[in-house]
Amino acid sequence: MKEIILLTISGDDKPGVTSAITNILADYSINVLDIGQAVIHNTLSLGILIEVPKEAESSPLLRDVLFKAHELNMNIRFQPVDEGEYEGWVVGQGKSRHIITLLARKITADHIGCVTRIAASHGLNIDNISRLSGRISLEEAVDQTKACVEFSVRGAPHDAGALRAEFLKAASDLDVDIAFQEDNIFRRNRRLVVFDMDSTLIEAEVIDELAIEAGVGDQVIEITESAMRGEIDFNESFRRRVGLLKGLDASVLQDVAERLPMTEGVEELVSNLKGLGFKTAILSGGFTYFGHHLQEKLGFDYVYANELDIVDGKVTGEVKGTIVNGERKAELLREIAEKEGVRLEQTIAVGDGANDLPMLSIAGLGIAFRAKPLVRESAKQAISTLGLDGILYLIGFRDRDALK
């Protein structure tokens with residue numbers, strides 16, 4: 001029988017604890033089967049699973065480790081592990097792994113309790129819990145904070161659809177966001193992010209702003225609502241709305257562009273993505289003029305949108321070329337990914353409307369951002385409580401990783 005022992009060391013965090021313990025183990029030629037360490041509020045918890053060689057005796061080893069722990073003013077516990085139990089644990093390493101990401105302005109015990117209860121009810125075992133967000137001062141206003149905890153879980157859910165539905169309901173009830181992703185090589189190697197523009201990168205619908213300038217705001221809203229009821233398709237509704245802009249002075253476009261409010265977190269998100277080497281694109285059912293305005297400000301690599309036809313300084317009420325609708329967005333995502341040599345599994349798509357669903361559905365990570373219920377329910381993931389920079393958490397980014 002092999003002698004397997006779990007050492008658990010805890011106490012005030014200080015430099016040299018792990019080094020001191022493992023150097024004693026080295027003196028006895030110990031084989032380390034597993035090791036894990038965490039520090040929470042300056043308190044260290046270190047676990048080391050060891051195999052004691054036949055030629056070594058555990059008694060003097062444990063005595064030396066105990067004395068060293070006492071010298072360091074650390075608590076230590078020794079737990080023998082049955083060889084059969086260990087082998088069963090080894091076999092479990094082939095199980096599926098997933099990442100659950102909990103996002104909120106501030107995270108409470110109720111939030112964590114709900115997420116972990118749902119995970120457990122679907123047969124998922126938590127291996128690791130990490131805080132990705134920075135430390136929050138007690139003095140900060142809640143609407144200015146952001147918090148994220150990531151759970152690494154083992155196993156496959158009994159019913160993935162039911163699990164997702166429970167997470168969606170919990171997110172709505174608790175005013176948080178909960179993402180559930182398979183933890184595979186693609187999740188850790190995203191390379192391309194594409195965005196809708198209106199009500200995603202900016203907190204406005206450009207065509208509505210232009211309609212107000214043209215004095216046809218109510219008419220445009222009526223057509224939009226008709227399209228939402230399914231009475232006319234996107235292309236037809238788009239042509240009708242653009243037609244109402246006929247005669248609008250082109251100089252208005254610059255005025256509208258300069259006053260468009262950017263969405264919370266967009267600058268932080270795009271600057272960090274660019275710094276990490278991601279390619280970024282705007283795929284919009286809006287207009288190229290405004291897409292290029294954002295490109296100049298934030299540095300997007302690609303912009304695809306609809307080009308307003310302008311003659312003699314006036315909007316003609318027509319658009320040039322193919323209308324960028326939902327299907328076209330998905331086509332463009334495929335084209336850009338192919339051009340950049342990126343697999344679709346390595347892409348992220350972000351949008352808020354029904355016409356974004358085709359690209360959200362084919363991206364490796366499709367995110368409905370501050371979207372209507374139907375879109376949230378249909379997309380793979382959703383973020384509603386934080387700004388766009390919350391997307392960084394879904395790719396495992398920590399606040400301390402932010403590029404200055």
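The values are calculated or read from the model by the stated rules, or taken from the named source; none is laboratory data. Only a predicted model underlies this, so the values are computations on that prediction, with no experimental measurement involved. No Cβ is skipped: glycine too gets one built from the backbone with ideal geometry, and neighbour counts run over all protein chains shown. Each accessible area value is taken on the protein alone, full model and side chains, heavy atoms only, with ligands, DNA and RNA left out. Shrake-Rupley method; radii C 1.70, N 1.55, O 1.52, S 1.80 Å.
Tabulated results
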| read-out | value |
| --- | --- |
| Inter-label distance for Lys2 and Glu327, nm, one decimal - labels placed 7 Å from Cα along Cα-to-Cβ | 5.9 |
| Anisotropy class of the range 237-380 from Cα gyration tensor, a/c 1.5 cut | prolate |
| Shape call, the range 323-369: gyration tensor on alpha carbons, a/c limit 1.5 | oblate |
| Largest to smallest accessible area among Met262, Met359 [probe 1.4 Å] | Met262, Met359 |
| Simple label model, 7 Å out from Cα along Cβ direction - Asn189 to Asp301, nm | 1.6 |
| Axial C-alpha extent at least 20 Å, average Kyte-Doolittle at least 0.0 - helices from the chain (DSSP) | 160-174 |
| By accessible area with a 1.4 Å probe, ligands and nucleic acids excluded, highest first: order of Val270, Val252 | Val252, Val270 |
| Percent accessible area from carbon and sulfur atoms, the chain, protein chains only, probe 1.4 Å | 48 |
| Rounded accessible area per residue of the range 169-288, 1.4 Å, Å² | 45 |
| In the range 196-259, trypsin sites (Lys or Arg not before Pro) in a DSSP loop with at most 12 other beta-carbon atoms within 10 Å | Arg229 |
| Among Leu245, Asn184, Thr224 the positive-end extreme of the charge dipole of the range 183-311 (Cβ point charges) | Asn184 |
| For the range 337-400: accessible area per residue (Å², 1.4 Å) | 37 |
| For the chain, size of Cβ-based charge dipole, Lys and Arg +1, Asp and Glu -1, in debye | 700 |
| Anchor Lys279: lysines whose Cα lies under 28 Å away (excluding residues fewer than 8 positions away in-chain) | Lys146, Lys297, Lys320, Lys329, Lys339, Lys372, Lys380, Lys404 |
| Within the chain, percent of DSSP bridges classed antiparallel, to nearest 5 | 70 |
| Gaussian network model of the chain, springs between alpha carbon atoms under 10 Å - residue of Thr280, Thr116, Thr43 with greatest fluctuation | Thr43 |
| Surrounding net charge for Ile9, when Lys and Arg each add one and Asp and Glu each subtract one, Cβ distance under 13 Å | 0 |
| Shape of the range 341-404, Cα gyration tensor, a/c cut at 1.5 | oblate |
| In the range 97-163, the trypsin sites (Lys or Arg not before Pro) that fall in loop regions by DSSP, at most 13 other Cβ within 10 Å | Lys106, Arg135 |
| Leu357 accessible area, 1.4 Å probe, all protein chains in place, Å² to nearest 10 | 40 |
| Loop-resident sites, the range 50-121, for chymotrypsin sites (Phe, Trp or Tyr not before Pro), counting at most 11 other Cβ within 10 Å (DSSP) | none |
